[in-house]
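Every number in this text was worked out from the coordinates using simple rules, so none of it is lab data. Note that the coordinates shown come from a computational prediction; the quantities given were computed from them, not determined experimentally. Cβ coordinates were reconstructed from backbone atoms using ideal geometry, including for glycine residues, and neighbour counts include every protein chain displayed.
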Amino acid sequence: MNQDFDISKLLQLRTLTSALADFFARQVRDYLSNLTSLLQPRSLLGEHIRYEKSAVKGQDAALQELIKQFTPIAKSRELNIQTELKAPLDIFGATLDITPAAYSYTPQGATKPITISTPLRWVLSYKDMGPPRMRELVANHARSGDAELYPAVVHYLVLNMLANRRPGAAPLMEALRFPFTVQPAPEFGGLPLVHVTAPVGTIRPPDLVIHYSTQISGATHFEEVVNLPDVARLADPLKDQLVALVRELGGDLATQLG
């Protein structure tokens, strides 16, 4: 086993990671609650949403872009949605939620893949529509039809469009050190998922550590742990900008900065 990353160190890092995840998740939820109005479907699609009476600028173009994004994903082998997207749309997304991002991974020495979660990076969704719920809908799709999966896909696509708006919530979240990024999910036919990332990242321990940990616990799930050097590298963007201005415009005053 890697002497620099043994089970004892893993346990310490897990404790620290859990505390950091709780701390940052509270911040993200607080920020998102104040930015909810910028991520509401009606602000993008206006009258194209059923029962909405107010038009918004660009709603027709937004609907066409939504249809363009929806069609190839809906027809993918993973989803196979037969319902065509057309207005009026039954969209009720309001409350935002975050779920730790996860991916499948097979450690060296293991015979089956396990689920690795990233506790300092989250998938943004509307409430009760996180990735675990999407997996349930995809698994049940053959039996239940498009009734539930179709609107869930539409909600994700609308949220992706809102998260990419400029101006909008994305620049504000970036300024708060929790930037949005978008990654397609192959398990959902390439559906774009909006991720929120903390100022500090996580790393996956060596395969042998993961293998021993999961063998001991019998679990099929493992969490990445905080990357400690990221804490040491944290910078203050505002300070950096001010220092640059002083050095450019302050003349001899810049020497007082050290």
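Go ahead and estimate [θ] at 222 nm for the chain from helices alone: -39,500 (n - 2.57) per DSSP H run with n ≥ 4, summed, over the residue count, rounded to 500.
Values: 9 runs with 117 residues, N = 258.
Here the helix-only value at 222 nm equals -14500 deg cm²/dmol.
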Completion exercise
Kirkwood-based Rg/Rh on the Cα set of the range 174-223 evaluates to 1.13
Exercise for the section: Could you pull out every residue, at least 5 positions away or on a different chain, whose amide H is within less than 5 Å of the one on Leu193? Hs are placed 1.01 Å off N in the peptide plane, and Pro or chain starts have none. Expected result: Gln183, Ala185
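List the equivalent ellipsoid semi-axes of the range 153-258 in whole Å, largest first, each obtained as the square root of 5λ for an eigenvalue λ of the Cα gyration tensor.
Details: eigenvalues 285, 136, 12 Å².
With the √(5λ) rule applied to the range 153-258, the semi-axes are 38, 26, 8 Å.
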Practice task
Measure out, as a whole number of angstrom, how far apart the alpha-carbon centroids of the range 1-73 and the range 234-258 sit.
Solution key: 35
Handout entry: Listed values (i) 19.4; (ii) 18.4; (iii) 20.9, entry calculated as Kirkwood radius over Cα pairs in Å
Key = (iii)
Practice task
Please find, in a Gaussian network model of the chain (springs between Cα atoms separated by less than 10 Å), the residue of Lys57, Lys239, Lys112 whose mean-square fluctuation is greatest.
Solution key: Lys239
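For the range 7-48, count the residues as N, evaluate 2.2 N^0.38 Å, and divide the Cα radius of gyration by that value, please. Walk me through the intermediate numbers first.
Details: Rg = 17.9 Å, N = 42, 2.2 N^0.38 = 9.1 Å.
Ratio of Cα Rg to 2.2 N^0.38 Å: 1.96.
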Practice task
Quick one: compute the contact order of the chain, relative version, from alpha carbon pairs under 8 angstrom and 6+ residues apart, as a percent.
Solution key: 21
Completion exercise
For Lys75, counting only lysines whose alpha-carbon sits under 17 Å away and dropping same-chain residues fewer than eight positions off, the answer is Lys86
Fill in the blank from the handout: Two pseudo-spin positions, 7 Å from Cα along C-beta at Glu65 and at Val243, lie apart in nanometres by 3.8
Practice task
Take every Cα pair under 8 Å in the range 82-135 that's 6+ residues apart, average their separations, divide by the length, and report that relative contact order as a whole percent.
Solution key: 38
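Rounded, prolate or oblate: which fits the range 1-105 when a ≥ b ≥ c are the square roots of the eigenvalues of the alpha-carbon gyration tensor, with rounded for a/c under 1.5 and prolate only if a/b beats b/c?
Numbers: a/c = 4.32, a/b = 1.90, b/c = 2.27.
In terms of gyration-tensor shape, oblate.
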Practice task
Of all alpha-carbon pairs in the range 21-70, indicate the percentage at a distance above 13 angstrom.
Solution key: 65
Practice task
Please identify, among Tyr103, Tyr150, Tyr126, the residue showing maximal mean-square fluctuation in a Gaussian network model of the chain using a 10 angstrom Cα cutoff.
Solution key: Tyr103
Practice task
Once every Cα of the range 64-159 carries one equal point scatterer and solvent is ignored, give the base-10 log of I(q)/I(0) from the Debye formula at q = 0.11, 0.25 Å⁻¹, two decimals.
Solution key: -0.39, -1.34
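Provide the packing ranking of 193-200, 138-145, 10-17, i.e. peptides ordered by the mean count of other C-beta atoms within 10 Å per residue, highest first. Intermediate values should be presented prior to the final figure.
Numbers: 193-200: 20.2, 138-145: 12.0, 10-17: 15.5.
Packing proxy ranking, top to bottom: 193-200, 10-17, 138-145.
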Problem - Which of Leu234, Leu162 has the fewest Cβ neighbours within 10 Å, and the rest in rising order - result: Leu234, Leu162
